[in-house]
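The values are calculated or read from the model by the stated rules, or taken from the named source; none is laboratory data. The model shown is predicted, which means the values in this text are computed figures rather than measured ones. Here the Cβ positions follow ideal geometry from the backbone for every residue, glycine too, while neighbour counts run over all protein chains shown.
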Amino acid sequence: VDVPDRTLCNLLHWQAEHGGLGAPAVTQQFSMLSFDVSFQEILTTLCSGGRLHLVHPAWRQDMPALLDQLESAGVERLFLPYVALQLLAEHGVRLGRRPSRLREVITAGEQLVCTDAVRRWFGGLPGARLFNHYGPTETHVVAGLCLTGDPAGWPVRPAIGRPVSGAHLRVVDDDDEPVPPGGTGHLLIGGPMAAPCYLGDLGLNRTRFTEVPGLGTFYRSGDLAHVDRDGLFHYAGRDDD
């Protein structure tokens, strides 16, 4: 998959404006370089004048060691896939470990589920906020939600939120007609990040990308979604399941 530079540039500008930290921060590197989020955690940190605390590969499987590093390095921001977030929360609750300077946790890559461990861990992190980011590899992050209020009241499966700057999300039926709010349909993604990106596969590019009259190119994500009364998008599974 060949993702254009403008996709990442658009995301960097959006996160700088809508992220939870208003000053340069210490960010813990976690993602492998083969994962698109690695570019997000590295570049959002360096472009804002922050400091990136490099990861030791063993920390990805050793949650107590990662908790030690978060505290000793004064980490303020952390990007984690959901499975790692759940493991970190479980160990944090069991060991009574809550990094004192952690203020922002961003999760992506899988559907976020706010388990009891996640709620309890964040309940002991005053001032820390959890961000749920959504976006397939082909477009990177296109929607985000910041969970606020008492973690005990967070929904089990939070919304994926609202589109990032420049992104256009459409929920459509099998004929590509818009689905009314509350109805579940296929999620199409438009904007500067939607561009044929499958190298050497013209057939797949024709299948996954479509032109919407007056709105430009859209990517067929293969995901199902619905929009609630507040305009928040909710992930509803895959259309090929």
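Of note:
- Pair list, Cβ < 6 Å and 6+ apart or interchain, from region 219-241 residues that are under 22 Å from residue 207 (Cβ atoms) to residues that are in a loop (DSSP other than H, G, I, E, B) and of a type outside the set (A, V, I, L, M, F, W, C): 219/138; 219/139; 221/136; 222/239; 224/184; 224/239; 235/111; 236/184
- Any hit, region 65-76, residues being within 26 Å of residue 223 (Cα to Cα) and of a type outside the set (Gly, Ala, Ser): no
- Subset of region 232-241 [over 16 Å from residue 137 (Cβ atoms) and surrounded by 11 or more Cβ atoms within 10 Å (Cβ to Cβ)]: 232, 233, 234, 236, 237, 239
- The residue list 71, 41, 110 contains one member that is closer than 26 Å to residue 167 by Cα and either assigned to a helix (DSSP H, G or I) or modelled with pLDDT of 95 or more (or both), which is 41.
- Within region 110-147, tally of residues that are under 18 Å from residue 219 (Cβ atoms), crowded, with 17+ Cβ neighbours inside 10 Å and either touching an Asp or Glu at 6+ places or on another chain (Cβ under 7 Å) or not assigned by TED's automatic domain parsing to the domain that holds residue 13 (or both): 1
- Residue in region 148-161 that is basic (Lys, Arg), assigned to a strand (DSSP E or B) and either surrounded by 13 or more Cβ atoms within 10 Å (Cβ to Cβ) or at negative phi (or both) present: no
- Some residue of region 54-64 being in a helix (DSSP H, G or I), touching a Pro at 6+ places or on another chain (Cβ under 8 Å) and surrounded by fewer than 18 Cβ atoms within 10 Å (Cβ to Cβ): no
- Filtering region 82-107 to residues that are assigned to a helix (DSSP H, G or I) and free of Cβ contacts under 8 Å to residues at least 12 places away in the same chain leaves only 94.
- Boolean, residue 46 is closer than 17 Å to residue 103 by Cα and assigned by TED's automatic domain parsing to the domain that holds residue 134: no
- Cross-chain or 6+ apart pairs with Cβ under 7 Å, region 37-55 first and under 11 Å from residue 12 (Cβ atoms), then among the aromatic types (Phe, Trp, Tyr) and at pLDDT 90 or above: 40/79
Here's the yes/no breakdown for (1) within 15 Å of residue 163 (Cβ to Cβ); (2) outside the structural domain of residue 112 (by TED's automatic domain parsing); (3) at pLDDT 90 or above; (4) buried (at least 20 other Cβ atoms within 10 Å of the Cβ):
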position	(1), (2), (3), (4)
199	no, yes, no, no
205	no, yes, no, no
213	no, yes, no, no
219	yes, yes, yes, yes
224	no, yes, yes, no
230	yes, yes, yes, no
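- Region 71-109: number of residues that are in contact with a strand residue (DSSP E or B) (Cβ under 6 Å, 6 or more places away or on another chain) and not β-branched (Val, Ile, Thr): 12
- Some residue of region 94-101 being assigned by TED's automatic domain parsing to the domain that holds residue 36, in contact with a Lys or Arg (Cβ under 9 Å, 6 or more places away or on another chain) and over 27 Å from residue 139 (Cα atoms): no
- Any hit, region 17-25, residues being modelled with pLDDT of 90 or more and either out of contact with any strand residue (DSSP E or B) (no Cβ under 9 Å at 6 or more places or on another chain) or of a type in the set (S, T, N, Q) (or both): no
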